[in-house]
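Student: Have a look at this one.
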Amino acid sequence: MTDESWAGWYRDRQGSDAVILTTDGQQLRLRTRGIDFEGESFDDLTPVAGTPPADDLFALVDGALGDCVLEWDLPLPVLWDGAVHQATLSCLLSLRRPDPYLYLELQFGGAAYRSHRAESDFASALATIQRALPPGVRLQTCIACAFSDYFPTPGRGLSGGLACFRGAKDAYRGAAGEGDVMDLWDRRTGFVQEVWSCREYEPRPDRGAGTGHRGAFPLERA
């Protein structure tokens, strides 16, 4: 995977600063105010080992960035009329306690498609956007891919807990329920960000085999 970098803003009670978010689809890295943070989820970004103390510059909650707002834009591919087109996804993530929330807006074809104002995770927010898109337009991201699923348990994190089964494609194509995904769990390639997209993307089936534990996208059971 090739790293992608997205420019944005970090805001807290001390002010507003530019930020660069970088990801390889699995690990996130954020740099702002001269400090590097990393983690597998947007709400679990901790200072990189060996960096100067960040307590005076940031509000850390259990060692991770908290009590702040992150805003950034990223290019997002969509499938339409048999071709891949580039859209822009604007992200606003509030990590302010006690009620963190996420808001996404997809700009495509001269229109804006929005999630609800206070989504709890990227999977739900992207599903809301997919439902709003015109017929025939599909997000080309890991959350909409034929080879991704969540561990069969109630609830899920904000981001980064989506398992990729691109190394076991034929086996996952037959998965249609919790038990099938459990049997395949140890064959997962790794975990990916819901907004990531790779060259092995295939559209997720609408029903039946290949919908795994979480079901079709955007009609998820999880």
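Student: Taking 0.36 nm per residue of separation and subtracting the Cα-Cα distance, what length does fully extending residue 17 through residue 86 add? Show your work: numbers first, answer last.
Tutor: On the way: separation 69, 0.36 × 69 = 24.84 nm, distance 2.74 nm.
This chain segment gains 22.1 nm when fully extended.
Student: Cβ under 10 Å from residue 90's Cβ, residue 90 left aside: what net charge do those residues give with Lys, Arg +1 and Asp, Glu -1?
Tutor: Details: positive: 114; negative: 71, 73, 105.
Every neighbour counted, the sum reads -2.
Student: Another one. At a 1.4 Å probe radius, carbon and sulfur cover how many percent of the accessible area of the range 27-72?
Tutor: Values: 960 of 2090 Å².
Carbon plus sulfur share of accessible area: 46 percent.
Student: Between the helical axis of 122-132 and the dominant principal axis of the chain, each derived from Cα atoms, what acute angle in degrees is found, rounded to the nearest 10?
Tutor: 60
Student: Net charge around residue 109, counting only other residues with Cβ within less than 14 Å of its Cβ (Lys, Arg = +1; Asp, Glu = -1)? Don't skip to the end; give the middle numbers.
Tutor: Working: positive: 138; negative: 81, 105.
In short, -1.
Student: Extension gain residue 209-residue 35, at 0.36 nm per residue separation less the Cα-Cα distance, in nm? All intermediate terms of the calculation are to be shown ahead of the outcome.
Tutor: On the way: separation 174, 0.36 × 174 = 62.64 nm, distance 4.59 nm.
That pair, residue 209 and residue 35, stretches by 58.1 nm at full extension.
Student: Where in the range 88-118 are there trypsin sites (Lys or Arg not before Pro) that are in a DSSP coil and have at most 11 other Cβ atoms within 10 angstrom of their Cβ? Walk me through the intermediate numbers first.
Tutor: Working: sites: 96, 114, 117; in loops: 96, 117.
Counting only loop positions with at most 11 other Cβ atoms within 10 Å, the trypsin sites (Lys or Arg not before Pro) in the range 88-118 are 117.
Student: Would you calculate, for the chain, the mean residue ellipticity at 222 nm contributed by helices, counting each DSSP H stretch of 4 or more residues as -39,500 (n - 2.57) and dividing by all residues, to the nearest 500?
Tutor: Working: 3 runs with 22 residues, N = 222.
Calculated from helices alone, the mean residue ellipticity at 222 nm is -2500 deg cm²/dmol.
Student: Of all DSSP beta bridges located in the range 10-114, what percent are antiparallel, nearest 5?
Tutor: On the way: 41 of 41 bridges.
Percent antiparallel among DSSP bridges in the range 10-114 is about 100.
Student: How large, in percent, is the carbon and sulfur part of the accessible surface of the range 100-222 at a probe radius of 1.4 Å? Don't skip to the answer; put the middle values down first.
Tutor: Working: 2700 of 5430 Å².
Result for the range 100-222: 50 percent of the exposed heavy-atom area is carbon or sulfur.
Student: What label, among (1) 8, 36, 39, 15, 2, 0; (2) 7, 32, 38, 19, 4, 0; (3) 8, 33, 34, 19, 5, 0, belongs to P(r) over Cα pairs in 10 Å bins from 0, in percent computed from the structure on display?
Tutor: (3)
Student: Over the range 35-101, one equal point on each Cα, no solvent: what is log10 I(q)/I(0) by the Debye formula at q = 0.22, 0.27, 0.28 Å⁻¹?
Tutor: -0.94, -1.18, -1.23
Student: Here's a follow-up. Which value, in debye to the nearest 20, describes the size of the charge dipole of the chain about its Cα centre when Lys and Arg Cβ atoms bear +1, Asp and Glu Cβ atoms bear -1, and nothing else is charged?
Tutor: On the way: 22 positive and 32 negative charges, 123 e Å.
Using Cβ point charges on Lys, Arg, Asp and Glu, the chain gives about 580 debye.
Student: Between residue 24 and residue 56, what is the FRET efficiency for a Förster distance of 25 Å, r being their Cβ-Cβ separation, to the nearest 0.05?
Tutor: Working: r = 30 Å, r/R0 = 1.20.
Efficiency computed from Cβ-Cβ geometry: 0.25.
Student: Before I look further, what does the chain give for accessible area per residue, probe 1.4 Å, in whole square angstrom? Walk me through the numbers on the way to the answer.
Tutor: Numbers: 10510 Å² over 222 residues.
Solvent-accessible surface per residue comes out at 47 Å².
Student: Given the C-alpha centroids of the range 179-222 and the range 39-113, what is the distance between them in whole angstrom?
Tutor: The range 179-222 and the range 39-113 have Cα centres separated by 22 Å.
The values are calculated or read from the model by the stated rules, or taken from the named source; none is laboratory data. Remember, it's a predicted structure, so these values are computed and weren't measured experimentally. Please note: Cβ atoms are built from the backbone with ideal geometry, for glycine as well, and neighbour counts cover all protein chains shown. Quick note on the areas: whole protein, heavy atoms, side chains included, nothing else; ligands and nucleic acids left out. Shrake-Rupley method; radii C 1.70, N 1.55, O 1.52, S 1.80 Å.
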